[in-house]
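Here, each number is a calculation from the coordinates, and none is a lab measurement. Predicted model only: the values in this text are computed from it and were never measured. Note that each Cβ is placed from the backbone with ideal geometry, even for glycine, and that neighbours are counted across all protein chains shown.
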Amino acid sequence: MFYTVTLSLLEGFLTTVKLFALTLVFALPLGLIISFGSMNRLPVVRLPIRFLIWIVRGTPLLLQLLIIYYGPGIILKMNVWGSGDEGRFLAALVAFVVNYACYFSEIYRGGIQSIPVGQYEAGQVLGMTRTQIFRRIILLQVIKRIVPPMSNEIITLVKDTSLARVIAVYEIIWSGQAFIKSAGIIWPLFYTGVFYLVFSGLLTVLFHTIEKKLGFFR
Amino acid sequence: MALLEVQGIKKNFGHIEVLSDISFSMDAGQAVSIIGSSGSGKTTLLRCLNFLEKPDGGTITVHGEKLFDASDSTRVSEADIRRKRLHFGLVFQSFNLFPQYTALENVMLAPQLAAKERGTYRQEEAQIRTQAKELLGQMGLSDRTENYPHQLSGGQCQRVAIARALAMKPDILCFDEPTSALDPELTGEVLRVIRGLADQHTTMIIVTHEMAFAREVADYVIFMDGGHILEQGTPREVIDNPTKERTKQFLAGYSRDGA
Ligand SMILES: Nc1ncnc2c1ncn2[C@@H]1O[C@H](COP(=O)(O)OP(=O)(O)OP(=O)(O)O)[C@@H](O)[C@H]1O
Ligand SMILES: [Mg+2]
């Protein structure tokens, strides 16, 4: 029984990891673009983006999942997500990417704005271009500052993926829960916690390593 | 012909006039010292020379080339500003070293990027390194080249910053209160290297509150007050025999401190 449960949970866990990894792949760069937008000098660019960030951070991710999955069908009267498992996974992915990109963008913005102007000015008076200043001076300092809040957010994402089951994405909690109905046992659901712990444990070690690597400067 | 000619520079921040009609000139090899009370516009003037602020009026001419002319409304490209500001170097009060680079890397970075842009990095690489090491040696930091800024004292940081500015070979090196952020014991070592530069006839503009140092090193002293130049002349004229009441008042504050 333990073997069967483990196999079944692993299958769900695969979906969890897939959702997690794809969310990062898209949300990390998108967040950077959003953060630049939220710092833009032009109000026509800055304000709509600040508005989006407010909406996304001000409402539950659970609700966003439902709206993104069911919304287009209700408003446009058509299924934009395609049918079956893949359609639901895609909808969940979009919801996660938008949500996490907004959170990441605020972390990036905090990081970028915490770099003293003197760093930019020192580069300027040495004749560097804006791009050179960002790439050669600012970027690494920003990365160093955002690693701790980013690692927090990313570990939260590991656990947040479980919300995807409200639109029937078969992630690990779903797999665990299925045994209640099919076999009348609840321990597989509790057993899912082990998978989360191992995964977030690995991530913690990874982020700790990165922090140590960046410890050579202050 | 004067190396630098500043004519009628004006700068407003909102409604406040921070610089009004600043004019002076200096020759190559001279050290000019700018003194004046807090808020008189000394930093703003240096920032204008380094194109960190755009003056609202006046002209800046170096080697007879008009680098800035407020009455000329044609847009200046970023590339142009970059080229023009390289006539000047700036040493900040707060050093502003790049924390992720060693002392040597801090000095080499800008020359390296410039060489890469010219497409001559390969040929110049070794020479840039040698020059950076020489400059750090001249600053008395030969044994500190591989240290990161957080491993250096304030005085050492400021000397790295001076080497970094010199590496771009500016015509005129500006210092904005280079020792104000330092403990008194560390002030001496920084003043010593600036004095060394003056002995080699490096063209410099030094904003400082160290009156004794200004008197000793400067060929020319400018006293600023409320955005104006109140007096300018040799140290003997301005510091030892000021004519204006305001200058006497300002200097009296220093002799009381025993500075
Ligand atoms: N970016 C700015 N915006 C508005 N006002 C400014 C700005 N920068 C400087 N000022 C004002 O301009 C005046 C001159 O400032 P500045 O820093 O040039 O003086 P300073 O002579 O360097 O003084 P200190 O000896 O304290 O360094 C001050 O009244 C200051 O408040
Ligand atoms: Mg100042």
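Among the GluC sites (Glu not before Pro) in the range B:109-147, those placed in a DSSP loop whose Cβ has at most 15 other Cβ atoms within 10 Å are B:E146. Between the alpha-carbon centres of the range B:114-181 and the range A:201-217 there is a gap of 31 Å. For chain A, averaging the sequence separation of C-alpha pairs within contact (under 8 Å, six or more residues apart) and dividing by the residue count gives a relative contact order of 29 percent. A cut-off under 15 angstrom between Cβ atoms defines the neighbours of B:T102, and their net charge, with Lys, Arg +1 and Asp, Glu -1, is +4.
Applying a length cut-off of 15 Å (Cα extent along the axis) and a mean Kyte-Doolittle floor of 0.0 to the DSSP H helices of chain B leaves B:103-118, B:154-166, B:184-199. In a shell of Cβ-Cβ distance under 14 Å around B:D176, excluding B:D176 itself, what net charge do Lys and Arg (+1) and Asp and Glu (-1) give? Counting the neighbours of B:D176, the net charge comes to -2.
Semi-axis lengths, largest first, of the ellipsoid equivalent to the protein assembly as shown are 60, 25, 20 Å, with √(5λ) applied to each eigenvalue of the Cα gyration tensor. Charge tally around A:P149: other residues with Cβ under 13 Å, Lys/Arg +1 each, Asp/Glu -1 each, net 0. For the range A:2-14, backbone phi angles converted through the Karplus equation (6.51, -1.76, 1.60; θ = phi - 60°) give residue-by-residue couplings of 4, 5, 4, 4, 4, 4, 5, 5, 4, 5, x, 5, 4 Hz, Gly and Pro being listed as x.
Could you tell me which of the pairs B:K54/B:K84; B:K42/B:K116; B:K10/B:K84 are separated by over 23 angstrom between their Cα atoms in the structure shown? Pairs exceeding 23 Å: B:K42/B:K116. Looking at the range A:33-136, the trypsin sites (Lys or Arg not before Pro) that sit in a DSSP loop and have at most 13 other Cβ atoms within 10 Å of their own Cβ are A:R41, A:K77. Look at B:M139, A:M39, B:M1 and count the other Cβ atoms within 10 Å of each Cβ; fewest to most, that gives B:M1, A:M39, B:M139. How big is the C-alpha Rg of the range B:98-169 next to the rule-of-thumb value 2.2 N^0.38 Å, as a ratio? Dividing the Cα radius of gyration by 2.2 N^0.38 Å gives 1.04. Calculate how steeply helix A:84-113 sits against the longest principal axis of the alpha-carbon atoms of chain A, using the helix alpha-carbon long axis, and give the answer as 0 to 90 degrees to the nearest 10. In chain A, helix A:84-113 runs at an angle near 30 degrees to the longest axis. With neighbour counts taken as other beta-carbon atoms within 10 Å, the residues A:V198, A:V125, B:V217 rank, fewest first, as A:V198, B:V217, A:V125. Alpha-carbon geometry of chain B: the Rg and the Dmax are 18.6, 59 Å, given in that order. Excluding residues on the same chain fewer than 8 positions from A:K213, give the lysines whose Cα lies under 24 Å from its Cα. Qualifying lysines at Cα under 24 Å: A:K144. On the basis of the beta-carbon distance and an R0 of 51 Å, B:R129 and A:T156 show a calculated FRET efficiency of 0.65.
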